[in-house]
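Beneath this line is the structure, given in structure tokens, with notes to follow.
The values are calculated or read from the model by the stated rules, or taken from the named source; none is laboratory data. These numbers were taken from a predicted model, which means no experiment stands behind them. FYI the Cβ positions are ideal-geometry reconstructions off the backbone, even for glycines, and counts take in every protein chain you see.
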């Protein structure tokens, strides 16, 4: 790769000099952890995190729905390459929004050889989300990515860094290349990321590449390197990343199997319980002494959404906790209002039910699904849905017989998947997580015949505890600040939240 010089700004503040937060708000996709939620948490003095998953598709749909409030256009006006921002507006913005029944534009995940236009959308979408989260305050903001979703990673990181993101968090894989990539992007240098391609041979060169100078036509603003936090489920993985990553790892989020979203599979052979869930055991407990011995900050995640659990984490040597579910159903989260109201009601009535589904996600990772009528967790709704993969963020790369890369998803039409060399057993029970999560935040794809995608809700096992954040028995909602104040109330660290 060719190295390009870039100017440095000596007066910008180095995030490494800032105090670490106690509470990290989990990065929940798709856009459940949107800019409003991250901004609200950041303004309390803790770390607000936006989700970078499928954020390009989210931006497109927001613009096509008319950009209520003008937030997307306000952020686009601040993008450092104005002609690119204008191209996005010209292509996707619809004054007054789509007509009734009209479908959103198709925005598939990037291929490993994207066009300039595709790169621009990904870079801009990440910039917009982080810019809005950081707007008009000096709090810390992070962005969360899944290592499993690789092709958008490089332009996504660059877009977030253009908006001066403070932290990058990544899990669902082994992100050992990311620290060094952040170093090179800071210096304006081209970067590459090896891709996981099923059936790849020793001499294959399957990589994703991105050159920030080429992208910007020879110009690049000054960038600082955000801190990098790896999300891990074992001390072994943390140790490997600390010692063998391509650059500096700044800390770890140690996530247990009760956390929402994707979970690490059980270690060793494991059966299923009578509900069809994977069984976790003693081997899945993380050696926190080994984590602490690495000498880096770490936060505990997975059912730490209570004051007592925060205090317990700090007493165990952790810097703090990462909490997702508690924030997922607050006023500022991206979930549809009616979904939040129904889940709060079910929790209040003692009817909350979360299943760790080993089949739902096309990734093959166990995935937490809240059981709610009318969603994809409803078997009747799931069986009625026609298989389609028109977002593709969880698709898998595979080596085709001609040596090129192909893409397939166990959630796509079965005949198509089999034609691409996939196994029929891999298709059983797979849900379209991409479209389901889009529907959960109120921007579902519309299908012919007045059909539209139905939601899929994910959260942690401790969801019933969200009722502790309600001000009264009659309250039906709570805020992000309510969560932070409650979580810090029993810790030894004094809260400065007003």
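At a glance:
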item: Unique match (being in contact with a strand residue (DSSP E or B) (Cβ under 6 Å, 6 or more places away or on another chain) and either modelled with pLDDT of 95 or more or crowded, with 18+ Cβ neighbours inside 10 Å (or both)) among 360, 352; result: 360
item: Test result for residue 143, touching a strand residue (DSSP E or B) at 6+ places or on another chain (Cβ under 7 Å) and either surrounded by fewer than 20 Cβ atoms within 10 Å (Cβ to Cβ) or not in a helix (DSSP H, G or I) (or both); result: yes
item: Helices (runs of 4 or more DSSP H) lying entirely in the stretch 298-379 (those with 1 or more residues that are out of contact with any helix residue (DSSP H, G or I) (no Cβ under 9 Å at 6 or more places or on another chain) and without any contact (Cβ under 8 Å) to a residue 60 or more places away in the chain); result: 307-315, 337-348
item: Residue in the stretch 225-236 that is assigned to a helix (DSSP H, G or I) and under 22 Å from residue 265 (Cβ atoms) present; result: yes
item: Matching residues in the stretch 248-273 - criterion: being modelled with pLDDT under 95 and either more than 20 Å from the chain's Cα centre (by Cα) or more than 18 Å from residue 173 (Cα to Cα) (or both); result: 266, 267, 268, 269, 270, 271, 272, 273
item: The one condition in (1) surrounded by fewer than 17 Cβ atoms within 10 Å (Cβ to Cβ); (2) over 23 Å from residue 146 (Cα atoms) that residue 340 fails to fulfil; result: (1)
item: Residue count for the stretch 237-272, restricted to those that are farther than 24 Å from residue 304 by Cα and assigned to a loop (DSSP other than H, G, I, E, B); result: 8
item: From the options 417, 478, residue that is at pLDDT 95 or above, buried (at least 18 other Cβ atoms within 10 Å of the Cβ), assigned to a loop (DSSP other than H, G, I, E, B) and over 21 Å from the mean Cα position of the chain (by Cα); result: 478
item: Test: residue in the stretch 427-437 that is without any contact (Cβ under 8 Å) to a residue 40 or more places away in the chain, part of a loop (DSSP other than H, G, I, E, B) and surrounded by fewer than 20 Cβ atoms within 10 Å (Cβ to Cβ); result: no
item: Unique match (being surrounded by 15 or more Cβ atoms within 10 Å (Cβ to Cβ) and more than 21 Å from residue 362 (Cα to Cα)) among 282, 242, 264, 293; result: 242
item: Residue that is surrounded by 14 or more Cβ atoms within 10 Å (Cβ to Cβ), in contact with a strand residue (DSSP E or B) (Cβ under 7 Å, 6 or more places away or on another chain) and at pLDDT 95 or above, where the choices are 399, 395, 446; result: 399
item: Within the stretch 363-373, considering residues that are buried (at least 17 other Cβ atoms within 10 Å of the Cβ) and under 27 Å from residue 479 (Cβ atoms), the one farthest from the chain's Cα centre (by Cα); result: 372
item: Residue count, the stretch 402-414 (criterion: in a loop (DSSP other than H, G, I, E, B) and buried (at least 22 other Cβ atoms within 10 Å of the Cβ)); result: 4
